[in-house]
Amino acid sequence: MNYLYDGIFLFVDLFLINVLFSYQNTHIAPAFGITLKYQIYAFSLFLIANMLIGYGIKFVFKAVHNLTFVLLISKGMEAIIAVLMGSFLYRSSYVENLTRNFYYGYRGSYF
């Protein structure tokens, strides 16, 4: 049962950090001031996410007793989460483009 709890804990931690970076990448302008303001506001969330990732790896290591396996699993989870986040963000922009083009006419690529 520890394997299940530890795996869920690690997945939620990695999902949180990817959500934070995905939000920053899509909704925050590349200007220094706006990015700094976001980083200051989100500092506590980044701190919590980083600590949870560390504890997640620690707890999974205690359950499995093989650090290489734990790191491979966490990287695999991170890759899956990144693909999910990317497909969600691109799909939403794809739908927005289709909707905008429906109302205002086609003006380029849908992607």
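No value in this document is a laboratory result; all are computed from the given coordinates. As the structure is a computational prediction, the values presented were derived from the model and not from experiment. So basically every Cβ, Gly included, is an ideal-geometry build from the backbone, and we count neighbours across all protein chains shown.
So the values come out like this:
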item	result
Debye intensity ratio I(q)/I(0), log10, the stretch 15-81, q values 0.14, 0.18, 0.21 Å⁻¹ (C-alpha model)	-0.53, -0.74, -0.88
Phi to ³J(HN,Hα) by Karplus 6.51 cos²θ - 1.76 cosθ + 1.60 over the stretch 13-27, Hz, x for Gly, Pro	4, 5, 5, 4, 5, 5, 5, 4, 6, 5, 4, 4, 5, 9, 10
Per-residue HN-Hα couplings for the stretch 31-39 [Karplus 6.51, -1.76, 1.60; θ = phi - 60°; Hz; x = Gly/Pro]	5, 4, x, 5, 5, 4, 4, 5, 5
Stretchable slack from A63 to M1, in nm (0.36 nm times residue separation minus alpha-carbon distance)	21.3 nm
Total formal charge among the other residues, if their Cβ is under 12 angstrom from that of D6, Lys/Arg +1 and Asp/Glu -1	+1
